[in-house]
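Got a structure for you, written out below as structure tokens; questions coming shortly.
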Amino acid sequence: MRIEPAYAVRRVAFAAATLLAAIIMNFLLPRLIAGNPAEMIASQTALGSAEVADAIKKQFGLENDSLLYQFKQYIVQLAHGNLGISYFNYPTPVAGVLLHALPWTLGIVLVSTLVSYAAGWLVGIRGALKPGTWFDNVALAVSFFINSVPYFWIGILLILLFGYKLDWFPMGQAFAVDYDTLSAAGKLRSIAYHAILPTVSLAIASLASHILVLRNNLSRALTEDYMVLARAKGLSARRRTYQYGVRNAFLPAFTGFMLSLGHVVGGAITMEIVFSYPGIGMLTYNAILNHDYPLIQGAFLMIAASIISVNLLADLIYPFIDPRVNLS
Amino acid sequence: MATTRTDSRQRSGRGKLLAGTLILAFFAVVTLAASQLAPYPKNDIDFESWLAPSGTHLLGTDSYGQDVFSQLVYGTRTSFLVGILAGLITTVIGVLVGVTAGFYRRWVSDALMFLVDLLLIIPIMALMIILASYLPSMGLTSTILVIGLLSWLYMARSIRSQTLSERQRGYVEAARVAGMSNVSVMLREILPNLYPIILANLVSVTTQAVLAEAGLSFLGIGDPKNVSWGTILALAHANNAIMYDAWWWIVPPGLATALFCFGFILIGNGSLERYRYKRGAAQQL
Amino acid sequence: MSLLEVRDLQIEYSSARGPFNAVDGVTFSLERGEIFGLAGESGCGKSTTAYGIGRLLRGSARVVGGSIRFDDVELTGLSDAQFDTYRWARISIVLQSAMNNLNPVMKVKDQLTDAIFAHRKGVSRADALRQAAELMELVDLPKDRLERFPHELSGGMRQRVVIAMALALRPELIIMDEPTTALDVITQKGIIDKIIELKRTFGFSVLFITHDLPLMLEICDRVGVMYAGQMAEIATRERMLAGARHPYTQGLLRSFPSLTGPRVRLAGIPGSTPDLVAPPQGCRFRDRCPHALSVCGSEAPPVRSEADGIVSCHLYAKEENRHEAAAAGR
């Protein structure tokens with residue numbers, strides 16, 4: 001199985017175009033809203049230092065009125081990994097702030113996404129194979145219920161039950177207060193311990209749609225002609241289910257899965273707030289409230305880049321799992 | 001001897017439709033008659049704080065001394081209106097864009113989809129937050145508009161793919177040969193066949209709208225004057241309701257949301273079952 | 001002894017308005033090396049009969065009565081595990097040409113070999129591949145197509161693959177359900193010729209289902225015409241060409257124009273098939289029959305055997321009936 005070069009080129013071109021559009025949008029955002037980019041990106045008052053403000057203005061070409069020049073400077077700085085300096089976290093540069101929060105987000109959001117998809121798919125498959133059983137009905141009912149409540153409510157409930165009432169898990173934060181005094185193993189344990197509840201909450205909250213998608217897809221695939229053929233051949237039930245059924249049902253679910261992976265970097269805003277977890281979501285939220293424009297821009301760009309690149313990866317992988325796609 | 005599966009399906013379809021409509025009607029009534037139904041006026045903070053549920057306060061009081069039950073009743077109005085209206089706006093835009101993109105091929109379709117893909121890149125929640133934080137005051141209308149105008153993306157894609165496959169069916173060709181204008185073909189021929197997928201999406205976007213409103217309120221964006229189920233939760237969280245074991249403050253708003261969405265889901269599923277039944281029970285074979 | 005003997009087969013479906021027998025007492029037999037056709041309009045039960053024999057019924061359909069004897073073994077009495085040994089090795093199937101009659105994500109070679117692996121334990125990969133290549137040759141397909149996916153083949157090629165697949169284990173009976181319906185006539189002829197050639201080589205029997213009567217007369221040795229879940233007539237090809245017995249068959253034959261004969265006004269059969277949930281008393285074809293007699297409305301027609309077939313019609317039950325019909329001048 002090889003990828004048609006034309007297809008690959010088209011997907012890469014699209015990704016590049018989208019990335020460019022995202023960069024341009026990001027560049028224009030502070031200018032559109034407030035009108036004075038210097039104030040937005042290199043505010044002397046916010047930074048508290050005239051020298052630093054001037055340095056940034058120079059870096060991003062803000063003295064020059066030409067939009068094109070400013071854009072060129074923006075790109076140059078981007079290439080150097082300079083996203084400006086965060087107001088709220090002064091003197092830490094934006095890039096530093098983002099990188100600091102990234103592992104926490106990847107920890108809970110990535111893990112919960114993977115767990116959620118895996119569990120949801122397995123339940124969905126079982127439901128499609130044995131529709132109408134109590135397992136299927138309970139799974140569906142639970143799915144619909146979860147889909148009908150806000151994410152953060154599930155988080156709050158879990159904290160109330162497992163954190164407060166049962167005292168099994170901590171009620172928030174990424175690690176214990178005495179973190180710095182702990183050994184390396186102790187630190188790891190503390191982190192893991194604090195990560196369980198948020199990860200589980202996130203996993204449960206998104207479980208429903210994964211169950212439903214795969215269940216519906218598999219139900220449909222089971223009615224196709226090739227399933228009749230597989231049965232007529234006397235193939236084992238396992239082979240029929242997986243090689244013929246799930247293999248086909250999985251295809252549309254794959255793109256959704258990759259899309260979710262792309263969004264992982266954005267964190268889970270409400271969930272992070274509920275658990276006071278220092279991820280990118282919380283960071284972005286605070287940045288918006290604090291009018292920390294450099295950080296807002298930086299976060300947005302990082303999220304956009306992540307989504308675009310994961311989407312591109314998905315597009316390039318897809319022909320390997322669905323041989324029909326190559327030729328479009 | 002054999003079970004009559006399609007027969008029971010028709011009955012359950014009707015049952016679901018009825019149950020769902022009843023639930024929605026219930027919420028509509030609460031929305032309209034909120035002031036009559038709530039035992040205490042809005043923002044009445046004369047009561048003692050942190051009271052557990054009792055005869056006088058069905059759902060207890062919160063940290064400010066407000067009656068939670070009354071809050072819930074008044075909050076219904078916001079959640080209900082936002083859900084329904086934003087859901088409608090989203091559906092209309094989603095269908096318009098989706099059908100147009102699916103019907104007119106090539107550059108119109110590609111351009112629209114490029115735009116959609118671009119907008120999909122930005123996490124919707126973040127966009128809503130930003131937009132909301134830039135608007136001077138987030139009244140009910142702004143909330144509805146913000147949610148409605150940003151949520152149509154997935155729906156447009158879904159409707160577009162369905163339109164694409166419908167477009168290749170014979171009846172479209174027949175209609176065009178008969179001289180029907182493009183708009184006519186889209187409205188009178190293709191649209192009715194899109195009914196199931198539009199319905200499924202309508203249910204989805206309405207429930208999403210209610211949840212989005214809850215999310216925005218929880219984050220402190222959204223109308224500060226209006227109470228909604230989301231604001232109740234936001235206040236509960238901000239005031240450490242967990243520490244006070246005030247489950248009566250935390251659990252009801254979530255359940256109310258669940259019930260509302262459930263009503264919608266019932267209507268959607270019930271409608272679909274009846275639609276499929278009418279379209280041909282023989283499909284079973 | 002016949003290869004396949006179906007006696008009084010009844011297959012029930014459930015519907016919104018209650019259960020009904022899509023196949024209601026069908027009897028026929030199929031000899032070794034014979035091509036037997038099942039003809040009839042949509043919904044007459046021909047496909048259901050075939051799937052019932054192959055234990056491939058879907059949804060709510062169930063065999064509720066009658067017997068199916070294959071090589072003198074009662075198939076309805078077999079467990080699923082026992083029947084699985086018959087699948088493909090003794091009874092295989094060719095489905096209608098469609099985009100999804102082959103698994104879209106599996107290569108052609110894997111779809112040819114997985115049946116081999118399932119039934120011939122211990123066969124090596126190399127051996128199975130060799131067999132797959134042989135099968136492709138049988139249907140005149142180039143071997144490089146083995147590495148392709150179904151969507152890379154044309155409709156005609158896909159059908160050839162399906163036929164090759166059906167031969168993988170050299171079965172005794174192949175059920176073919178509208179194998180050429182979705183193909184253009186040129187491709188159709190190629191496929192039909194190939195089927196006849198393969199049958200001559202390997203000697204399998206074919207249960208051929210189609211609504212295309214002229215095609216059926218080209219390929220089948222004998223034809224069973226079904227109506228409303230019952231067998232109206234079974235006749236040899238010669239009998240059919242000479243003029244069938246049952247009024248329904250005659251109506252069917254009249255509905256297809258002849259390429260070479262004189263121009264005649266095409267006559268369809270007015271009316272529509274009866275409701276099977278509450279079938280009419282007497283003969284089910286009565287309302288559409290140009291020769292209906294009074295007895296047709298009250299008594300089910302008996303089955304009468306002739307030298308070259310059977311017919312289920314009151315006209316052939318008694319001499320008097322034929323006189324009555326003639327006198328009525330219809």
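The values are calculated or read from the model by the stated rules, or taken from the named source; none is laboratory data. Just so it is clear, the model here is predicted, and its values are computed rather than measured. Methodologically, a virtual Cβ is constructed for each residue, glycine included, from the backbone with ideal geometry; neighbour enumeration extends over all protein chains shown.
Would you confirm whether any residue within region C:302-309 is assigned to a loop (DSSP other than H, G, I, E, B), within 24 Å of the chain's Cα centre (by Cα) and closer than 25 Å to residue C:20 by Cβ?
Quick first cut of region C:302-309, residues assigned to a loop (DSSP other than H, G, I, E, B) only: C:302, C:307-308.
Now drop any that are not within 24 Å of the chain's Cα centre (by Cα), which leaves C:302, C:307-308.
Cutting the leftovers down to closer than 25 Å to residue C:20 by Cβ gives us C:302.
Yes, region C:302-309 contains a residue that is assigned to a loop (DSSP other than H, G, I, E, B), within 24 Å of the chain's Cα centre (by Cα) and closer than 25 Å to residue C:20 by Cβ.
Taking the condition of being assigned to a loop (DSSP other than H, G, I, E, B) and away from chain B (no Cβ under 14 Å), how many residues in region C:57-82 meet it?
Step one: filter region C:57-82 for residues assigned to a loop (DSSP other than H, G, I, E, B), giving C:57-61, C:71-72, C:78-79.
Imposing the further condition that a residue be away from chain B (no Cβ under 14 Å) reduces the set to C:71-72, C:78-79.
Residues meeting the conditions: 4.
Could you count how many residues in region A:126-153 are touching a helix residue (DSSP H, G or I) at 6+ places or on another chain (Cβ under 7 Å) and on the phi > 0 side of the Ramachandran plot?
0
Ok, one more. Need pairs with beta-carbon distance below 7 Å; first residue basic (Lys, Arg) and within region B:168-191, second assigned to a helix (DSSP H, G or I) and buried (at least 16 other Cβ atoms within 10 Å of the Cβ); sequence gap 6+ or separate chains.
Sorted first by the residue in region B:168-191, then by its partner, the pairs are B:176/B:185.
Per-residue answers, yes or no, for (1) free of Cβ contacts under 8 Å to residues at least 60 places away in the same chain; (2) basic (Lys, Arg):
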| residue | (1), (2) |
| --- | --- |
| C:32 | no, yes |
| C:41 | no, no |
| C:55 | yes, yes |
| C:78 | yes, no |
| C:90 | no, yes |
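Which members of region A:61-77 meet the condition of being surrounded by fewer than 17 Cβ atoms within 10 Å (Cβ to Cβ) and aliphatic (A, V, I, L, M)?
If the condition is that a residue be surrounded by fewer than 17 Cβ atoms within 10 Å (Cβ to Cβ) and aliphatic (A, V, I, L, M), then A:67, A:68, A:75, A:76 are the ones that fit.
Here is a follow-up. One residue is enough: does region C:247-267 have a residue meeting the conditions in contact with a helix residue (DSSP H, G or I) (Cβ under 7 Å, 6 or more places away or on another chain) and in contact (Cβ under 8 Å) with a residue 60 or more places away in the chain?
Yes - at least one qualifying residue is present in region C:247-267.
Among the numbered criteria (1) buried (at least 23 other Cβ atoms within 10 Å of the Cβ); (2) more than 10 Å from chain A (Cβ to nearest Cβ), which single criterion is violated by residue B:239?
(1)
Can you go through A:310, A:213 and tell me which one is out of contact with any strand residue (DSSP E or B) (no Cβ under 9 Å at 6 or more places or on another chain) and under 26 Å from residue A:97 (Cα atoms)? Let's see the steps before the verdict.
Numbers: A:213 fails: under 26 Å from residue A:97 (Cα atoms).
A:310 is the lone residue from the list that is out of contact with any strand residue (DSSP E or B) (no Cβ under 9 Å at 6 or more places or on another chain) and under 26 Å from residue A:97 (Cα atoms).
Among the hydroxyl-bearing types (Ser, Thr, Tyr), exposed (fewer than 13 other Cβ atoms within 10 Å of the Cβ), farther than 30 Å from residue B:218 by Cβ and more than 24 Å from the chain's Cα centre (by Cα) - does that describe any residue in region B:134-153?
Pass one, region B:134-153, residues among the hydroxyl-bearing types (Ser, Thr, Tyr): B:134, B:137, B:141-143, B:151.
Add one more test, that the residue is exposed (fewer than 13 other Cβ atoms within 10 Å of the Cβ), and what stays is B:134, B:137, B:141.
Imposing the further condition that a residue be farther than 30 Å from residue B:218 by Cβ reduces the set to none.
No, that holds for no residue.
Consider residue B:221 against the criteria (1) outside any helix (DSSP H, G or I); (2) facing another protein chain (nearest Cβ under 10 Å); (3) more than 25 Å from residue A:169 (Cα to Cα); (4) out of contact with any helix residue (DSSP H, G or I) (no Cβ under 7 Å at 6 or more places or on another chain): it satisfies all of them except one. Which criterion is unmet?
(4)
In this structure, does residue B:25 turn out to be in a helix (DSSP H, G or I) and more than 14 Å from every other protein chain (Cβ to nearest Cβ)?
On the way: in a helix (DSSP H, G or I): yes; more than 14 Å from every other protein chain (Cβ to nearest Cβ): yes.
The answer is yes for residue B:25.
Select, from B:251, B:210, B:203, the only residue that is under 30 Å from residue C:58 (Cβ atoms), within 13 Å of chain A (Cβ to nearest Cβ) and at pLDDT 80 or above.
Numbers: B:251 fails: under 30 Å from residue C:58 (Cβ atoms); B:210 fails: under 30 Å from residue C:58 (Cβ atoms).
Selected residue: B:203, the only one of B:251, B:210, B:203 that is under 30 Å from residue C:58 (Cβ atoms), within 13 Å of chain A (Cβ to nearest Cβ) and at pLDDT 80 or above.
Hey, could you check region A:214-227 for residues that are crowded, with 19+ Cβ neighbours inside 10 Å and in a helix (DSSP H, G or I) and say which is nearest to the other protein chains (Cβ to nearest Cβ)?
A:226
Another question, if that's okay. What are the residues in region C:4-34 that are among the aliphatic types (A, V, I, L, M), touching a strand residue (DSSP E or B) at 6+ places or on another chain (Cβ under 7 Å) and either over 20 Å from residue C:305 (Cα atoms) or modelled with pLDDT under 90 (or both), if any? Please lay out each step first, then the result.
Keep residues of region C:4-34 that are among the aliphatic types (A, V, I, L, M), which gives C:4, C:6, C:9, C:11, C:16, C:22-23, C:26, C:30.
This time we only want the ones that are touching a strand residue (DSSP E or B) at 6+ places or on another chain (Cβ under 7 Å), so: C:4, C:6, C:9, C:11, C:22-23, C:26, C:30.
C:11, C:22, C:23 - these are the residues of region C:4-34 that are among the aliphatic types (A, V, I, L, M), touching a strand residue (DSSP E or B) at 6+ places or on another chain (Cβ under 7 Å) and either over 20 Å from residue C:305 (Cα atoms) or modelled with pLDDT under 90 (or both).
A follow-up question, please. Does region A:166-178 contain any residue that is out of contact with any strand residue (DSSP E or B) (no Cβ under 8 Å at 6 or more places or on another chain) and in a helix (DSSP H, G or I)? Can you show your working first?
If we filter region A:166-178 for residues that are out of contact with any strand residue (DSSP E or B) (no Cβ under 8 Å at 6 or more places or on another chain), which is where we start, we get A:166-178.
Next cut, in a helix (DSSP H, G or I) only: none.
No - not one qualifying residue is present in region A:166-178.
Counting only residues that are in contact (Cβ under 8 Å) with a residue 60 or more places away in the chain and hydroxyl-bearing (Ser, Thr, Tyr), which one in region A:209-234 is farthest from residue C:118 (Cα to Cα)?
The extreme case among them is A:209.
Only one of A:108, A:146, A:154 is away from every other protein chain (no Cβ under 14 Å) and part of a helix (DSSP H, G or I); which? Walk me through it before giving the result.
Numbers: A:146 fails: away from every other protein chain (no Cβ under 14 Å); A:154 fails: away from every other protein chain (no Cβ under 14 Å).
Exactly one residue qualifies, and that residue is A:108.
Select from region A:157-183 the residues that are at the interface with chain B (Cβ under 9 Å from one of its Cβ atoms) and charged (D, E, K, R) and list them in ascending order.
A:165
Could you name every one of the helices (runs of 4 or more DSSP H) located completely within region C:144-231 that has at least 3 residues being more than 29 Å from residue A:235 (Cα to Cα)? Show your work before the answer.
Numbers: elements: C:155-166, C:185-202, C:213-219.
Ranges flagged: C:185-202, C:213-219.
Could you go through region A:173-186 and let me know if any residue there is at pLDDT 85 or above and farther than 19 Å from residue B:214 by Cβ. Let's see the steps before the verdict.
Step one: filter region A:173-186 for residues at pLDDT 85 or above, giving none.
Within region A:173-186 (the criterion being at pLDDT 85 or above and farther than 19 Å from residue B:214 by Cβ), the answer is no, since none of the residues qualifies.
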